[in-house]
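See below for the structure under consideration.
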Amino acid sequence: MGDEVVLPREEFRELLEAAAKQGARQALDEAGVDDAVRLAKRVDGISDAILKSLAGGIVVGLLAAIWAGVAVLARAKGG
């Protein structure tokens, strides 16, 4: 007899999948991709904050412009 191992097909698939995931994680760690992912998440959070601030500024600016327009119309009509 040889050094053969017999496993049910589903158990073999699960074992193979777990080994592939572990190998992929190790490769990403060795390549330093983990740090890049953290940096990308940080940049994404910063860009979200910037977009929210810009949107808030635009809304305030539009409301101020509308209010100024209403004031000008009221003065023009003598109110």
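Worth pointing out:
- Scanning region 4-33 for residues that are small (G, A, S) and open to solvent by 70 Å² or more (accessible area, probe 1.4 Å) yields one hit, A31.
- Being modelled with pLDDT under 90, small (G, A, S) and more than 22 Å from the chain's Cα centre (by Cα) holds for only one residue in G78, G61, and it is G78.
- Any hit, region 8-15, residues being in a helix (DSSP H, G or I) and either in contact (Cβ under 8 Å) with a residue 12 or more places away in the chain or polar (S, T, N, Q) (or both): no
To keep it simple, each residue is scored yes or no on (1) surrounded by 10 or more Cβ atoms within 10 Å (Cβ to Cβ); (2) polar (S, T, N, Q); (3) free of Cβ contacts under 8 Å to residues at least 60 places away in the same chain.
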| residue | (1), (2), (3) |
| --- | --- |
| D35 | yes, no, yes |
| R42 | yes, no, yes |
| S47 | yes, yes, yes |
| A55 | yes, no, yes |
| I58 | yes, no, yes |
| W67 | yes, no, yes |
| R75 | no, no, yes |
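The values are calculated or read from the model by the stated rules, or taken from the named source; none is laboratory data. None of the values given here were measured: they were computed from a predicted structure. Backbone-built Cβ (ideal geometry, glycine too); neighbour counts: all protein chains shown. What goes into the accessible areas is simple: the full protein's heavy atoms, side chains included, and nothing from ligands, DNA or RNA. Shrake-Rupley method; radii C 1.70, N 1.55, O 1.52, S 1.80 Å.
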